[in-house]
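Colleague: Pasting in a structure now, in structure tokens, and then I'll have a few things to ask.
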Amino acid sequence: MVASLLPRQASSRAGLQGGALELLKGSLPGRKLDRRAPWMANLHRATDGTLLGLGICMLAMSGLTLHWQNRWGESYQQLEASQMLAHRMQESAALLEQHHLGALKKPGLLVPTSSEKLIYLAAPHTPRPASATELLGSLQIGMGTLSQIRPGY
């Protein structure tokens, strides 16, 4: 019995491989199933179609998810860049303010001026706002407008 163990293992492996193929063939719907139970074959087809459709939808949703994640990442990088530029601009404005305030504390750095160098500008002409009486006078309230309004409104 011990000597026959090796050939038996080889034959059992072949039997397992053949059994696996038979099991695989038995799980797939064939023409025999179409003849014996047509409703079962239709159910198999519907299930296969549903699984195929779900797989395609899953791939499409995965693709869209990756696309929108990439777009979100790009937008986020642009937001970070704009925030950094705004921060740098605030720092530059603060440095300029400090520089000008420092120049005011040291009057020797300012350029002296005289009255001959001054330029006088006339005040800008601003239109006078209309008074309330002028606005009311521009409205046409009277019998002419009342005759235009139809009854019921």
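Throughout, read-outs are computed from the coordinates displayed, never taken from laboratory work. This is a predicted model, so every value here is computed, not measured. Note that we place each Cβ from the backbone using ideal geometry, even for glycine, and neighbour counts take in every protein chain shown.
Colleague: What distance in nm lies between label points placed 7 Å from Cα along the C-beta direction at LEU51 and ILE119?
Modeller: Once both label points are built, they end up 8.5 nm from each other.
Colleague: If you don't mind, there's one more thing I want to ask. On full extension of the chain, what length is gained from ARG128 through HIS44, given 0.36 nm per residue of separation minus the C-alpha to C-alpha distance? Walk me through the numbers before you get to the answer.
Modeller: Values: separation 84, 0.36 × 84 = 30.24 nm, distance 8.58 nm.
This chain segment gains 21.7 nm when fully extended.
Colleague: Each residue of region 115-121 in turn: what ³J(HN,Hα) in whole Hz from Karplus with 6.51, -1.76, 1.60 and θ = phi - 60°, glycine and Pro shown as x?
Modeller: 5, 6, 8, 6, 10, 9, 10
Colleague: Select from ILE119, GLY73, GLN98 the residue farthest towards the positive end of the dipole of region 63-122; place +1 on Cβ of Lys and Arg, -1 on Cβ of Asp and Glu, and compute about the Cα centre.
Modeller: ILE119
Colleague: Label GLN77 and ALA37 with points 7 Å out from Cα along Cα→Cβ: what is the distance between them in nm?
Modeller: About 5.6 nm separates the two model spin labels.
Colleague: With θ taken as phi - 60° and the coefficients 6.51, -1.76 and 1.60, list the Karplus ³J(HN,Hα) couplings across region 45-61 in order, rounded to whole Hz; mark glycine and proline as x.
Modeller: 5, 5, 5, 4, x, 5, 5, 5, x, 5, x, 5, 4, 4, 5, 5, 5
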